[in-house]
Amino acid sequence: MAEGLPATGEFAAACAADGEMRLAVRYWTGGLRLGIGDHQTGFTAADGEIAAGVPEPGAGVITITGPPEVWAPLLEAVPPRFAQISILTALGEAGLQRGPTDPLLWWQYLPAVRRAVELLRAPRVAEEAAVVKSGPLPRHDSPVGRYVHLELDGCGHRVYYEEAGSGIPMLLQHTAGASSLQYRHLFEAPQVTSRFRLIAYDLPYHGKSVPPVHQQWWEREYQLDGGFLRQVPLALAQALDLERPAFMGCSVGGLLALDLALRHPAEFRAVVSLEGALHIPGSREDFLGFWHPQVSNHAKAALMEELCSPTSPRPYVKEVSQGYASGWPPSFWGDLQYYLADYDLRDRAGEIDTDQIGVHIMNGEHDFSGTVEAGLEAHQAIAGSTHTVMEGVGHFPMQENPEAFIGYLLPVLELIEARAH
């Protein structure tokens, strides 16, 4: 047995005793085979029941192998930057190899693979849940929600939004495939809401924004393009009579922030681009598992957890994944059209005039999609912009670690306020 690694029987017992793993392996017949140098571990599965034993490669078996030095950072109690994602993405680049495995099986049991690696870490058995500090809860939270009817691409849409606070209006855009729920913690921050009127909305086809009733939208594949996306905050600002609001978005919303700064600087006083970049490399085809009818939203949720920082409070990370698991399946896949294909400011970022509009870019240290390096590249291309590195934070700062995020956000809000006077 390799030093520090559990015996196969011990590991299988830990997996079988773990509630999250038991849910992730439902209906699985086959098993998991992990090769850590010369050490082999894993478990067998029969119709979702875990038993001890390292399965032989074959039908229903997922195999991952690699040298101990490659596995080592993945198995640290707190994995270093980007180490937590090597098991799920670019295995070859990381030095790990996936054995002959049906690609569909890989996507279906991605959550189980991810949890297995977590259970191998020190401490090996399920770690204590992070305690989120809170006092007595009020009877009601701060935001109040309403629906507004917007005309987008010549069609009426019933769009949900919620708001709280007073002062400078600020529109808030969620990430791909998600909803305005991601900003719930920000609504409860008096140091923000005493100075800013926060307005978070759900994109059409997301959250509480229902699809249009005058289109047969169910007959075509949903794909989000920039022309449609840019209309939403513009139409919402007009409908709510907002005078040059600020705009803050994350991921897809973070790219949209820079897109608006380029194309609509007169309509917004400032943009805050969370996890922003000039371009995101990759292809929608890399995420075909999120579109396959035999892969549940659980796989999507597992990958979103990998985008979070390993030090973010666990209940909030699970809140991120629950939001993704409960979304309309085509929404995330369709939003990637804008995120990975439609959006590209590499040749035009220098045209953004920060004398007209404030531009603030913020990137989480552990985000492997909108990386710190990508945000810095955008900052260097946009003269007069600011750039903030959020240490200990991943792709969903406002939801996965709101306390840390607000600490990074307040100086940016002061800059927006200063321009308003």
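Using Cα centres only, tell me the gap between the range 140-163 and the range 228-294 in whole Å.
About 17 Å separates the Cα centre of the range 140-163 from the one of the range 228-294.
Rounded to the nearest 20 debye, what is the charge dipole size of the chain about its Cα centre when +1 sits on each Lys and Arg Cβ and -1 on each Asp and Glu Cβ?
Numbers: 29 positive and 51 negative charges, 163 e Å.
In total the dipole reaches around 780 debye.
Quote the relative contact order of the range 8-120 in percent (integer), defining contacts as alpha-carbon pairs under 8 Å separated by 6+ residues. Could you put the intermediate results ahead of the total?
Working: 202 pairs, mean separation 29.8, N = 113.
This gives 26 percent for the range 8-120.
Go ahead and run the numbers for FRET between residue 380 and residue 348, Cβ-Cβ distance against an R0 of 22 Å, rounding to 0.05.
The value I calculate is 0.90.
If each DSSP helix of 4+ residues adds -39,500 (n - 2.57) and the sum is divided by the residues in the chain, what number results at 222 nm, nearest 500 deg cm²/dmol?
Details: 16 runs with 141 residues, N = 421.
When only DSSP H runs of four or more count, the value is -9500 deg cm²/dmol.
Just want to confirm a number: the relative contact order over the range 144-420, from Cα pairs under 8 angstrom separated by 6+ residues, in percent. Mind dumping the intermediate values first?
Working: 597 pairs, mean separation 55.4, N = 277.
This gives 20 percent for the range 144-420.
If I stretch the segment between residue 208 and residue 266 completely, what's the gain in nm (0.36 nm per residue apart, minus their alpha carbon distance), one decimal?
Values: separation 58, 0.36 × 58 = 20.88 nm, distance 2.96 nm.
Full-extension gain reported as 17.9 nm.
State whether the chain is rounded, prolate or oblate according to the following rule on the C-alpha gyration tensor (a ≥ b ≥ c being the square roots of its eigenvalues): a/c under 1.5 gives rounded; otherwise a/b larger than b/c gives prolate, and the remaining case gives oblate.
Numbers: a/c = 1.93, a/b = 1.76, b/c = 1.09.
Verdict is prolate for the chain.
Between residue 244 and residue 93, with labels modelled 7 Å along Cα→Cβ, what's the label distance in nm to one decimal, could you check?
4.1
What whole number of Å gives the distance from the Cα centroid of the range 45-67 to the Cα centroid of the range 351-421?
Cα centroid to Cα centroid, the span is 43 Å.
Taking the Cα-to-Cβ direction at residue 52 and at residue 72 and moving 7 Å from each Cα, how far apart do the two end points lie in nm?
Roughly 3.0 nm, to one decimal.
Rule-based calculations on the coordinates, nothing more; no lab input. In this text the structure is predicted, and so the values were computed from the model without any measurement. Positions of Cβ are generated from backbone atoms using ideal geometry, with glycine treated the same way; all protein chains shown enter the neighbour counts.
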